[in-house]
Amino acid sequence: MFSIKRLTGLEILDSRGRPTVQATCALASGAVGTASVPSGASTGAAEALELRDGDPQRYRGLGCRRAVGHINGELNRALAGQSFEQQSQLDQAMLDLDGTANKSRLGANAILAVSLAFARACAAERGVPLYQYWAGLLDQPLQTLPRPTINLFSGGKHAGGQTTIQDVLIVPTSAHTIDEALAMTFAVYQAAAELSYHKYGMRALTADEGGLAPPFASAEAMLADAVEAIRNAGFEPGQEVALAVDVAASHFYQAGRYHLGTEPLDSRGMIAQLLTWLERYPIVSLEDGLAEEDWAHWPELRAAVAGRALVLGDDLLCTNSTRIRRAIAVGAADALLLKVNQIGTLSEAAEACQLARSAGWRVTISARSGETEDNWLADLAVGWAGDQIKVGSITQSERLAKYNRLLAIEAETGLPLVNWP
Ligand code: PGA
Ligand code: ZN
């Protein structure tokens with residue numbers, strides 16, 4: 001039994017300087033856990049509601065004082081003095097208290113902050129590392145470490161829309177350890193920074209997730225430059241370092257057309273375009289290749305891509321079990337991008353993870369573009385045996401907090417890196 005003594009909330013700032021929510025959970029045993037919630041920019045329409053104050057005079061309406069007020073007020077009043085045998089009981093109590101389908105009354109940011117802080121406090125009470133506590137939630141042994149997929153070039157909503165597609169990431173497929181994966185990434189990132197300077201006269205200015213964002217002429221140029229950077233770093237593209245792409249297609253889809261290049265594409269045209277990229281570039285993972293509402297064409301995309309690259313759903317699935325069930329039923333994807341704050345409690349995210357696994361899907365545990373210095377994501381990716389972890393680039397401390405935590409977990413556990421599927 002874990003007895004909550006007190007919950008406190010605090011408004012803090014994320015990596016874009018926007019307010020977000022931190023919670024601290026003190027247990028009667030004396031154990032304490034604090035955790036912070038990230039925030040997306042390229043969000044899916046089906047995400048749980050992040051409660052913002054809406055006061056234009058303060059942080060342009062983005063303040064989180066109301067959400068924090070709910071932690072200090074209603075949530076603390078209802079939950080302090082209560083005991084919970086497990087995480088799911090606390091999460092259910094908060095869902096019941098909120099009473100809405102998308103957590104819009106108390107705010108998913110308030111609820112998730114408490115859910116995470118409670119987890120940290122429970123791990124502390126048990127005297128186990130957070131990754132081990134989280135492995136226990138899914139009732140599974142610790143087996144592997146997730147393979148990092150690292151943002152190299154950024155576009156879309158994370159880089160002021162200078163290119164249409166959102167992220168080109170590298171996957172160090174030949175790395176055997178986190179340590180080796182990061183050293184390989186450093187080499188490619190430096191080569192990409194040099195290339196950006198020579199080709200575009202662009203110093204290493206970075207986008208929201210730390211990726212480089214020169215003014216590429218097109219998505220193809222972005223992909224080709226990534227391949228060139230891999231080669232310049234001394235690696236064989238596709239053999240040692242491959243590419244993953246987050247197309248984030250929902251964000252350039254209007255009235256049934258994809259506004260990618262000069263000519264709008266219909267869904268079939270968009271799929272044909274994606275297949276051309278798969279033929280030309282060593283892409284092993286394709287995230288949100290189609291828009292979140294284009295359900296009718298996702299099965300076609302998956303059928304065409306299966307066996308060549310993962311068909312990864314982010315906006316499409318929103319870490320939401322109902323949407324994942326639908327996607328499994330129609331064969332819309334074969335991999336889940338798991339972002340805990342898309343759904344708003346750890347327990348619901350755990351259910352989403354298990355559902356994806358039960359269908360034989362791969363799981364990528366992902367950060368958001370607005371992050372904090374908190375490193376719980378690394379523990380989650382290890383505890384839930386993520387196949388991949390997506391944290392952004394290897395610059396900026398809010399990203400490094402997670403990579404550095406992975407290095408520490410690797411040193412502590414000696415677990416092997418999961419094989420690329
Ligand atoms: P977000 O985007 O965190 O800005 O929503 C990340 C992604 O699309 O994967
Ligand atoms: Zn995405």
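Here are the numbers for this structure:
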quantity	calculated
Yes/no for Leu90 being within 21 Å of Glu351 (Cβ to Cβ) and hydrophobic (A, V, I, L, M, F, W, C)	yes
Thr149, sole failed condition from (1) away from ligand 2 (no atom under 16 Å from the Cβ); (2) within 19 Å of the chain's Cα centre (by Cα)	(1)
Every residue from segment 373-390 that is in a loop (DSSP other than H, G, I, E, B) and either aliphatic (A, V, I, L, M) or in the same structural domain as Val21 (by TED's automatic domain parsing) (or both)	Ala385
Test result for Glu410, buried (at least 23 other Cβ atoms within 10 Å of the Cβ) and at negative phi	no
Candidate set from segment 218-250 (those that are in a loop (DSSP other than H, G, I, E, B) and more than 12 Å from Gly155 (Cβ to Cβ)); member that is farthest from ligand 2 (Cβ to nearest atom)	Gly234
Leading residue by the ranking (nearest to ligand 2 (Cβ to nearest atom)) among those in segment 378-399 that are touching a strand residue (DSSP E or B) at 6+ places or on another chain (Cβ under 9 Å) and open to solvent by 10 Å² or more (accessible area, probe 1.4 Å)	Lys390
Output for segment 42-59, where each listed residue is touching a helix residue (DSSP H, G or I) at 6+ places or on another chain (Cβ under 7 Å), away from ligand 1 (no atom under 16 Å from the Cβ) and over 16 Å from Lys103 (Cα atoms)	Gly54, Asp55
Residue among Gly99, Gly155, Gly160 that is open to solvent by 50 Å² or more (accessible area, probe 1.4 Å), of a type in the set (Gly, Ala, Ser) and within 16 Å of ligand 1 (Cβ to nearest atom)	Gly160
Residue in segment 235-255 that is open to solvent by 60 Å² or more (accessible area, probe 1.4 Å), within 28 Å of Ile343 (Cβ to Cβ) and within 16 Å of ligand 1 (Cβ to nearest atom) present	yes
Pick from segment 191-217, criterion assigned to a helix (DSSP H, G or I) and either among the hydroxyl-bearing types (Ser, Thr, Tyr) or farther than 9 Å from Ala229 by Cβ (or both), ranking: least open to solvent (accessible area, probe 1.4 Å)	Ser196
Matching residues, segment 336-370, being within 14 Å of ligand 1 (Cβ to nearest atom) and either open to solvent by 10 Å² or more (accessible area, probe 1.4 Å) or assigned by TED's automatic domain parsing to the domain that holds Asp98 (or both)	Lys339, Asn341, Ile343
Selected residue [over 18 Å from Ser347 (Cα atoms), modelled with pLDDT of 95 or more and open to solvent by 10 Å² or more (accessible area, probe 1.4 Å)] from Arg120, Arg105	Arg105
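The values are calculated or read from the model by the stated rules, or taken from the named source; none is laboratory data. Here the structure is a predicted model, which is why all the values come from computation and not from measurement. Virtual Cβ from ideal backbone geometry, glycine too; neighbours counted across all protein chains shown. Surface areas here come from the heavy atoms of the whole protein model, side chains and all, with no ligands, DNA or RNA. Shrake-Rupley method; radii C 1.70, N 1.55, O 1.52, S 1.80 Å.
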